[in-house]
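The values are calculated or read from the model by the stated rules, or taken from the named source; none is laboratory data. Note that this is a predicted model, so its numbers are computed, not measured. Don't worry about glycine lacking a Cβ; one is built from the backbone with ideal geometry, like all the others, and counts go over all protein chains shown.
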Amino acid sequence: MSLVAVGTVAFDDIETPFYHAEKVVGGACTYISLAASYFVKPVRIVSVVGDDFPEETLDYMRGRGIDLQGLQIKPGEKSFFWAGRYDRDLNSRDTLDTQLNVLATFDPVLPEAYRTAEYLMLGNLTPAVQMRVLQQLKRRPKLVVLDTMNFWMDTALPDLRKVLKKIDVLTINDEEARQLSGEHSLVKAAQGIHKMGPKYLVIKKGEHGALLFNGKSVFFAPALPLTEVIDPTGAGDTFAGGFMGWMAKTGDLSFANMKRGVIYGSAMASFCVEKFSIERLKGLTPAMIRNRVQKFADLVHFQV
């Protein structure tokens with residue numbers, strides 16, 4: 001199945017109360033594509049980096065079956081960089097530095113092979129860039145998933161509303177769902193967001209799991225209790241990659257299968273947070289992923 005992922009490939013500088021990782025590999029598209037690569041190949045990415053991005057990471061991505069034709073490499077320029085510091089609970093964080101670098105002038109160009117994508121994951125970027133990707137497609141994908149954030153709700157809401165009309169699934173956190181809808185109740189928030197275009201809504205709640213809405217149907221996926229969380233950065237994007245990878249692998253767009261997709265996405269995210277950067281997403285096996293999914297099933301299984 002043809003899966004295209006759009007987003008950042010970048011560097012992060014991460015501070016937690018317990019650890020500090022300087023200039024490690026990050027970016028939404030990096031996490032999305034690596035997570036999805038455990039379910040479907042090729043994963044085709046659309047992004048931009050400078051010539052400072054490590055070639056060994058690009059080689060690793062190619063080895064995972066990730067197609068880099070859509071990755072622009074700008075000679076003499078620097079890759080996008082973000083630095084943040086997490087609070088002790090690892091749920092909230094402060095941005096310390098943001099350097100757009102090559103992202104400031106990023107104009108996505110889809111190679112010909114990408115323009116008939118069956119599955120499209122629009123990672124967190126400006127709504128205008130997300131729309132330009134959609135406009136280059138020759139046909140509508142079977143499933144379009146979009147991630148966004150409160151910054152775009154504050155600064156580019158009209159553009160965001162236009163993009164929302166063209167997608168199937170929106171993934172945001174609970175605070176963003178409330179802001180976008182103007183409703184405090186997440187049930188009412190979902191109802192309001194459905195009217196904006198998305199048929200499905202995934203509300204990510206971090207260590208408290210995730211909610212999937214489709215009309216009056218609601219599914220809750222718990223978060224897996226872990227012995228130690230090292231770095232939450234990229235967990236939401238890894239979730240999206242696992243979800244999209246599962247959907248593309250199975251080709252089943254039913255609500256029942258989306259529930260499974262949410263669990264597989266949650267399982268991949270639970271791996272991601274166990275180490276800094278993309279390190280925990282390396283070397284996973286199908287058996288490891290199945291065992292992690294089974295832990296989610298065991299967590300909520302009971303008889304009435």
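So here's what we get for this one:
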{"item": "The lone exception for Ala35 - which of (1) crowded, with 20+ Cβ neighbours inside 10 Å; (2) in contact (Cβ under 8 Å) with a residue 60 or more places away in the chain; (3) touching a strand residue (DSSP E or B) at 6+ places or on another chain (Cβ under 8 Å) it fails", "result": "(3)"}
{"item": "Cβ-Cβ under 9 Å pairs, at least 6 apart or on other chains, region 104-122 side β-branched (Val, Ile, Thr), far side assigned to a loop (DSSP other than H, G, I, E, B)", "result": "Val109/Gln136; Thr116/Ser2; Thr116/Leu137; Thr116/Lys138; Thr116/Arg139; Thr116/Pro141"}
{"item": "Selection status of Thr233, under 21 Å from Tyr60 (Cα atoms), of a type in the set (Val, Ile, Thr) and in a helix (DSSP H, G or I)", "result": "no"}
{"item": "Looking only at region 260-297, and only at residues there that are among the aromatic types (Phe, Trp, Tyr) and either free of Cβ contacts under 8 Å to residues at least 60 places away in the same chain or in contact with a Gly (Cβ under 6 Å, 6 or more places away or on another chain) (or both), the one that is farthest from Thr171 (Cα to Cα)", "result": "Phe271"}
{"item": "Filtered residue count, region 60-76, keeping only those that are in contact with a helix residue (DSSP H, G or I) (Cβ under 9 Å, 6 or more places away or on another chain) and of a type in the set (Gly, Ala, Ser)", "result": "1"}
{"item": "Residue list for region 103-120, restricted to those being within 18 Å of Val144 (Cα to Cα) and of a type in the set (Phe, Trp, Tyr)", "result": "Tyr114, Tyr119"}
{"item": "Residues located in region 42-95, provided they are of a type outside the set (Val, Ile, Thr), under 30 Å from Pro225 (Cβ atoms) and exposed (fewer than 12 other Cβ atoms within 10 Å of the Cβ)", "result": "Asp87, Arg88, Asp89, Ser92, Asp94"}
{"item": "Residue list for region 100-114, filter: surrounded by 13 or more Cβ atoms within 10 Å (Cβ to Cβ) and assigned to a helix (DSSP H, G or I)", "result": "Asn101, Val102, Leu103, Ala113, Tyr114"}
{"item": "Strands (runs of 3 or more DSSP E) contained in region 25-99 and holding at least 2 residues closer than 30 Å to Thr116 by Cα and at pLDDT 95 or above", "result": "43-50, 66-74"}
{"item": "Of the criteria (1) of a type in the set (S, T, N, Q); (2) out of contact with any strand residue (DSSP E or B) (no Cβ under 7 Å at 6 or more places or on another chain); (3) without any contact (Cβ under 8 Å) to a residue 24 or more places away in the chain, which one Gln99 fails", "result": "(2)"}
{"item": "Boolean, Gly215 is under 18 Å from Leu170 (Cβ atoms), at pLDDT below 95 and out of contact with any strand residue (DSSP E or B) (no Cβ under 7 Å at 6 or more places or on another chain)", "result": "yes"}
{"item": "Residues located in region 1-24, provided they are farther than 27 Å from Met131 by Cβ, surrounded by fewer than 24 Cβ atoms within 10 Å (Cβ to Cβ) and among the hydrophobic types (A, V, I, L, M, F, W, C)", "result": "Phe18, Ala21, Val24"}
{"item": "Listing of helices (runs of 4 or more DSSP H) fully contained in region 132-224 that carry 1 or more residues being of a type in the set (A, V, I, L, M) and buried (at least 19 other Cβ atoms within 10 Å of the Cβ)", "result": "157-164, 174-181, 186-194"}
